[in-house]
Amino acid sequence: MTITEMEKEIIKALNINMKVDWISQDPIKEFKDLKKFVRELFKEYRGEKKYITETINGILKGDK
């Protein structure tokens, strides 16, 4: 996932939250769900970034 893809996912989630009927839904639960979603996005991003960095480092070490 690129940073641009992550930005689009966060914006999409915010747009969904914008359309929530706050009278019939629990705002605290909705924001907890949003917070969890954003944390998962960052976790995925960091994991992919770490994998790419380790792969590149492994390739570079193999060239020496």
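Remarks
- Selection status of Met6, part of a helix (DSSP H, G or I), touching a helix residue (DSSP H, G or I) at 6+ places or on another chain (Cβ under 6 Å) and either touching a residue at least 12 places away in the same chain (Cβ under 8 Å) or of a type in the set (Val, Ile, Thr) (or both): yes
- Counted residues, the stretch 1-21 - those being farther than 26 Å from Tyr45 by Cα and either surrounded by 10 or more Cβ atoms within 10 Å (Cβ to Cβ) or touching a His at 6+ places or on another chain (Cβ under 7 Å) (or both): 1
- In a residue-by-residue description of the stretch 35-57, the property of being polar (S, T, N, Q) and part of a loop (DSSP other than H, G, I, E, B) applies to no position.
- Restricted to the stretch 27-47, and to residues there that are more than 11 Å from the chain's Cα centre (by Cα), surrounded by 11 or more Cβ atoms within 10 Å (Cβ to Cβ) and among the charged types (D, E, K, R), the residue that is modelled with the lowest pLDDT is Glu30.
- Residues (closer than 20 Å to Glu7 by Cβ and part of a helix (DSSP H, G or I)) located in the stretch 19-34: Phe31, Asp33, Leu34
The values are calculated or read from the model by the stated rules, or taken from the named source; none is laboratory data. In this text, all values refer to a predicted model and were calculated from it rather than measured experimentally. Note: ideal-geometry Cβ built from the backbone for every residue, glycine included; neighbour counts use all protein chains shown.
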